[in-house]
Amino acid sequence: ISPSLMILRVVPVGWELSPFTPGQFTILALPGKAPCIPEAEPPEKDNPDAWIRRPYSASSSADQEQYIEFYIRLVYSGELTPRLFALKAGDKLYMFPKLRGMLTLDTVDDDKNILFIATGTGLAPYMSMIRSDAPCNKRKIAVIHGALNSGDLGFRAELEHLERLCENFSYVPVISHQDREKIPWNGRTGFVQDIWNEGIVDDLWHSEITPVNTAVFLCGHPKMITQMVELLGESSFKPYDRKKGGSIFYEDW
């Protein structure tokens, strides 16, 4: 997608993919001896014999049986992503065969509207949910995606297409570094927290958002999640609990 973003498709060799629930994640891994991209900033001490493991949410549909797709950002000082970005088509890596995680639609009532809020690659689990379930259904769905610049808005074309196709679907891209744009950006700027404060979703849906009629999903930068939980709390939204319920859903890694 860009020098620091990629969509990685992993195909099983000699085994079949296990069923998973959209929104779940698994573990990708490479050995420490795997090559890095030249621009990487490796740690001072590297153990070539150690395996480097990290969790990543699937962005592909649960109905896709040939591969699992991941949306990954390069961290130059990281241990795993400089190695993932050095892979070529056909190279092998380790993937834990079963996906897990609680950031799913399983506990959301069918009549509730869905608000997906993401920053960066936090969009991945939402793409899996949207692709796995018919987006042009009765309930309203909105995706607010924050990124540094327009080149980092992965899946933008697909989401804009869905917005044109489905009356109930809305997509709101937001960038925070419009001064770096080569072509003037005419969309929204700032952070997703600002967009919430502006009442953008109320305007899109022409109705008040409440914990009774809407479930809010949060995925991305920890600071964004913390701030959004606080802001949503001012409107009586509470994080989901198996015993007490709630309308805010996010994954603690």
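Against the condition outside any helix (DSSP H, G or I), open to solvent by 20 Å² or more (accessible area, probe 1.4 Å) and under 27 Å from ASP194 (Cα atoms), how does VAL75 come out, does it pass?
Working: outside any helix (DSSP H, G or I): yes; open to solvent by 20 Å² or more (accessible area, probe 1.4 Å): yes; under 27 Å from ASP194 (Cα atoms): yes.
Spelling it out, VAL75 is indeed outside any helix (DSSP H, G or I), open to solvent by 20 Å² or more (accessible area, probe 1.4 Å) and under 27 Å from ASP194 (Cα atoms).
With the requirement that a residue be of a type outside the set (Val, Ile, Thr) and more than 13 Å from GLN66 (Cα to Cα), what does region 9-32 give you?
Going residue by residue through region 9-32, those that are of a type outside the set (Val, Ile, Thr) are 9, 12, 14-20, 22-25, 28-32.
The answer is PHE20, PRO22, GLY23, GLN24, PHE25, LEU28, ALA29, LEU30, PRO31, GLY32.
Considering only residues that are within 17 Å of ILE72 (Cβ to Cβ), in contact with a Pro (Cβ under 6 Å, 6 or more places away or on another chain) and open to solvent by 40 Å² or more (accessible area, probe 1.4 Å), which ones fall in region 30-45?
Within region 30-45, just CYS36 meets the criteria.
Please work out if LEU148 is within 18 Å of the chain's Cα centre (by Cα), aliphatic (A, V, I, L, M) and open to solvent by 50 Å² or more (accessible area, probe 1.4 Å). If you could, list the steps in order and put the result at the bottom.
Working: within 18 Å of the chain's Cα centre (by Cα): yes; aliphatic (A, V, I, L, M): yes; open to solvent by 50 Å² or more (accessible area, probe 1.4 Å): yes.
Considered against the rule, which asks whether it is within 18 Å of the chain's Cα centre (by Cα), aliphatic (A, V, I, L, M) and open to solvent by 50 Å² or more (accessible area, probe 1.4 Å), LEU148 comes out as yes.
Quick test for you: out of VAL172, VAL192, pick the one residue that is under 27 Å from GLU69 (Cα atoms), in contact with a His (Cβ under 9 Å, 6 or more places away or on another chain), β-branched (Val, Ile, Thr) and modelled with pLDDT of 95 or more. Spell out the reasoning first.
On the way: VAL192 fails: modelled with pLDDT of 95 or more.
Just a single option satisfies the conditions, and that option is VAL172.
Could you give me the residue pairs with C-beta distances under 7 Å whose first residue belongs to region 191-217 and is farther than 17 Å from GLU167 by Cα, whose second residue is assigned to a helix (DSSP H, G or I) and among the β-branched types (Val, Ile, Thr) wherever it lies, and which are 6+ apart or on separate chains?
Here the result reads ILE209/VAL201, each pair linking region 191-217 to a residue that is assigned to a helix (DSSP H, G or I) and among the β-branched types (Val, Ile, Thr).
So PRO48 clears everything in (1) in contact (Cβ under 8 Å) with a residue 24 or more places away in the chain; (2) assigned to a loop (DSSP other than H, G, I, E, B); (3) surrounded by fewer than 19 Cβ atoms within 10 Å (Cβ to Cβ) except one condition, right? Which one?
The one condition PRO48 does not meet is (1).
Exactly one of these conditions fails for CYS136: (1) over 24 Å from ILE1 (Cβ atoms); (2) open to solvent by 10 Å² or more (accessible area, probe 1.4 Å); (3) part of a strand (DSSP E or B). Give me its number.
Only one criterion is unmet by CYS136, namely (3).
Scanning region 10-29 for residues that are assigned to a strand (DSSP E or B) and among the β-branched types (Val, Ile, Thr), which turns out surrounded by the fewest Cβ atoms within 10 Å (Cβ to Cβ)? Show your work before the answer.
Taking region 10-29 as the starting set, the residues that turn out to be assigned to a strand (DSSP E or B) are 10, 25-29.
Applying the additional criterion that residues be among the β-branched types (Val, Ile, Thr) yields 10, 26-27.
Details: VAL10: 19, THR26: 20, ILE27: 16.
My answer is ILE27.
Is at least one residue of region 29-47 of a type outside the set (Lys, Arg), at pLDDT 95 or above and closer than 30 Å to ILE248 by Cβ?
No - not one qualifying residue is present in region 29-47.
Within region 215-233, how many residues turn out to be in contact with a Ser or Thr (Cβ under 6 Å, 6 or more places away or on another chain) and either open to solvent by 10 Å² or more (accessible area, probe 1.4 Å) or aromatic (Phe, Trp, Tyr) (or both)?
Within region 215-233, residues that are in contact with a Ser or Thr (Cβ under 6 Å, 6 or more places away or on another chain) and either open to solvent by 10 Å² or more (accessible area, probe 1.4 Å) or aromatic (Phe, Trp, Tyr) (or both) number 2.
Would you mention how many residues in region 151-171 are crowded, with 20+ Cβ neighbours inside 10 Å and in contact (Cβ under 8 Å) with a residue 60 or more places away in the chain?
Here the count works out to 3.
Considering only region 90-110, I want to know if a residue exists there that is open to solvent by 50 Å² or more (accessible area, probe 1.4 Å) and of a type in the set (A, V, I, L, M).
Checking region 90-110: at least one residue is open to solvent by 50 Å² or more (accessible area, probe 1.4 Å) and of a type in the set (A, V, I, L, M).
Just for region 78-118: of the residues that are hydroxyl-bearing (Ser, Thr, Tyr) and at pLDDT 95 or above, which one is nearest to VAL192 (Cα to Cα)?
Taking region 78-118 and keeping what is hydroxyl-bearing (Ser, Thr, Tyr), we get 81, 94, 104, 107.
Next, only the ones that are at pLDDT 95 or above stay: 81, 94, 104.
On the way: THR81: 26, TYR94: 34, THR104: 21 Å.
Residue satisfying both the conditions and the ranking: THR104.
The values are calculated or read from the model by the stated rules, or taken from the named source; none is laboratory data. All of these numbers come straight from a predicted model, not from anything done at the bench. Neighbour counts are summed over all protein chains in view; Cβ atoms, including those assigned to glycine, are modelled from backbone coordinates with ideal geometry. These area figures cover heavy atoms from the full protein model, side chains too; ligands, DNA and RNA do not enter into them. Shrake-Rupley method; radii C 1.70, N 1.55, O 1.52, S 1.80 Å.
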